[in-house]
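Only one structure is covered here, and it is reproduced in the block below.
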Amino acid sequence: MSQLVLFAIDIFAVALLVFGLYFPRHRRRDLVVAYLGVNVGVLAVASALSASDVGAGLGLGLALFGVLSIIRLRSTELDQHEVAYYFSALALGILGALSTTSVWLSAGLMALIVAVMFVGDHRRLLRHYRHQILVLDSAVTDHTALVAQLEQLLNARVHNAIVQRLDMVNETTVVDVRYSVARRSTAAGTSKPARAGALR
């Protein structure tokens, strides 16, 4: 009976994680299916292994290896927060399948995972910090001059600027920028033109 209660708590927790947190914030429908499938799949495999004579540790390890391989060998790009949702869905499935001495312990750990994702992925948490890849229409070799140009371009304080590619022939600079905007500032990167700036 306690195992069925854990199953129900897991389904509720992953539904809250996906439909209450992830989808309203990021609106990526394809990953909704992925998160639900990973959770239910791990829940089913771990439950079957815990009830059989096969070593649960070995079987669970193989299941985790398969899931991590899917994440690593993905065909579409995933951001770090989306990978975090993958691991959260996976962890919820494991907690829902493994038998513990207390149902409330597993339920509390599931609630902790959902709560951490709620806080960690909240829009108000570190909302002034941004990450952007810019293609500048000039070849800048001096780091100090590059930072000054980026701060003027983005109207923000640059904390880190890593040059990914410097093309002296076509006079372009591809730079990975980590910066923070002023509290009253709105969208960054509008004061001067830059090519192919991809916000992440």
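The values are calculated or read from the model by the stated rules, or taken from the named source; none is laboratory data. Keep in mind the model is a prediction, meaning the values are calculated, not measured. Cβ: placed from backbone, ideal geometry, glycine included. Neighbour counts: every protein chain shown. Side chains included, ligands, DNA and RNA excluded: accessible areas come from the protein's heavy atoms. Shrake-Rupley method; radii C 1.70, N 1.55, O 1.52, S 1.80 Å.
Considering (1) closer than 20 Å to Asp121 by Cβ; (2) open to solvent by 60 Å² or more (accessible area, probe 1.4 Å), say which one Leu4 fails and leave the rest. So Leu4 meets the others, but not (1). Counting only residues that are open to solvent by less than 40 Å² (accessible area, probe 1.4 Å) and among the acidic types (Asp, Glu), how many does region 100-150 have? Adding up the residues that qualify gives 1. All conditions in (1) in contact (Cβ under 8 Å) with a residue 12 or more places away in the chain; (2) more than 15 Å from Met117 (Cβ to Cβ) hold for Arg29, with the sole exception of (1). Within region 116-162, being under 15 Å from the mean Cα position of the chain (by Cα) and among the small types (Gly, Ala, Ser) holds for one residue alone: Gly120.
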